[in-house]
1. Quick one: accessible area per residue over the stretch 298-363, 1.4 Å probe, rounded to a whole number of Å²?
2. Determine the calculated [θ] at 222 nm for the chain from helices alone, applying -39500 (n - 2.57) to every DSSP H run no shorter than 4 residues and normalising by the residue count; nearest 500 deg cm²/dmol.
3. Might you work out the accessible area of Lys324 for me, using a 1.4 Å probe with all protein chains in place, and round it to the nearest 10 Å²?
4. Distance check, please: which entries in Lys11/Lys67; Lys131/Lys170; Lys33/Lys67; Lys152/Lys324; Lys216/Lys324 exceed 21 angstrom between their Cα atoms?
5. Only loop residues by DSSP count here, and only those with at most 16 other Cβ atoms within 10 Å; note down the chymotrypsin sites (Phe, Trp or Tyr not before Pro) in the stretch 314-363 that meet that.
6. Quick one: check the C-alpha center-to-center distance for the stretch 239-256 versus the stretch 304-356, whole angstrom.
7. Report, ordered by chain and residue number, the aspartates and glutamates lying within cross-link reach of Lys337, taken as a straight Cα distance under 15 Å and ignoring same-chain residues fewer than 8 apart.
8. Aspartates and glutamates within cross-link reach of Lys198: Cα-Cα under 18 Å, excluding same-chain residues under 8 positions apart?
Amino acid sequence: MVMAMEKKQPKYTELVNWIQEQIASKKFLPGQKIYSENRLKEMFQVSRQTVRHAIAILEEEGVLIRKRGSGTYISNIRRENLENRTRIAVVTTYVDGYIFPKTIQGIENILFENGYSVQIAFTNNQISREKTILEDILSRNEVAGVIMETTKSGLPNPNLPLYEKLQQRKIPVIFINSFYPRLSIPHVSLNDRMAGEKAVEYLLGKGHCKIGGIFKLDDGQGHLRYAGYLDAMQKAGMEIDDSRIVWIDTAMMQRLGEYRNLLIGRLDGCTAVVCYNDQIAFEAASILNSVDIRVPEDISLISIDDSELAALGDVALTSIPHPKDKLGEKAAINLLKMIHNPDYDGTFEFSAEVTERESVVDR
């Protein structure tokens, strides 16, 4: 049997990482001269060519500056450049919808008040588009920070190394609405797990025991809202029945009517349903009514977002509000703090509360 050998990282990478660690721990300070090439060569038992290659990489990233006849120094220009820049990249999944315009408006209000301009882009929730936008931001290298909505954060993402490059260049990034668990990047969002838990607790309080759910498979919010669903059901000692859960992805969400048989079959026997958001609840109510399952007489619905859509149907939806513009404002405020203080943790989650309307009745 052939055993797999652990792949060693290149020697120049080891040196690059070590210098970055010294800077992060403030053992090397801006403007400070680092060890000579000979000293680094001896310390790491590598060739002079390897040392020069590592220095060249860090010089290209703006971490080091080589001064002819003097030596190599830690750059004291990068932070100044970031603080002097006045453009922020704001990237969301969509331009339309009931959340995004208000969130973007909240971001713009804060950034404009503080003298920043906004560069807006949209991924359409496509990984390939996210990649293109990130590569453009990196190639231009002219923004002071990035406010980014994740793309399909419930799935593995091949673009994470691009975010890591932004981190290496000390460009502050803050996620909105969701986050990538593998990255140590702060986020501002609704507390989605709490939202799922509060929704189920509300239904339990109305006497419902057979509670189904419709959750989004390909984003982290869907996973967290389902986790909250499980939390509340388990705390109440309720049976967890997988057959009552409908998982949908982005494409299915746009044409939910095509999956009416799946939805009706899964929710058969449920007295109430937790819906991922208002859009899904609105569509689900229409599908259920089409087969004479009445909302709320036969089945109660509760959703998340509390958007304008919640009041448009024949029955107004009980829903948990999304902070929308407040979320945008908070993300912008925290990003500005991160620009001026790289050690600031910008993570913030809004609490969840139920707004009662007509779509839930006592059982």
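The values are calculated or read from the model by the stated rules, or taken from the named source; none is laboratory data. Source: prediction; values computed, not measured. With ideal geometry, Cβ positions are generated from the backbone for all residues, glycine too; neighbour counts draw on all protein chains shown. Quick note on the areas: whole protein, heavy atoms, side chains included, nothing else; ligands and nucleic acids left out. Shrake-Rupley method; radii C 1.70, N 1.55, O 1.52, S 1.80 Å.
1. 46
2. -13000 deg cm²/dmol
3. Here the accessible area works out near 20 Å².
4. From the list (Lys11/Lys67; Lys131/Lys170; Lys33/Lys67; Lys152/Lys324; Lys216/Lys324), the Cα-Cα distance tops 21 Å for Lys11/Lys67.
5. Hits after loop and neighbour filter: Tyr344.
6. The stretch 239-256 and the stretch 304-356 have Cα centres separated by 24 Å.
7. Glu80, Glu83, Glu113, Glu329, Asp345
8. Within the straight-line limit of under 18 Å, Lys198 reaches these aspartates and glutamates: Asp231, Glu239, Asp278, Asp305, Asp306, Glu349, Glu353, Glu356, Glu358, Asp362.
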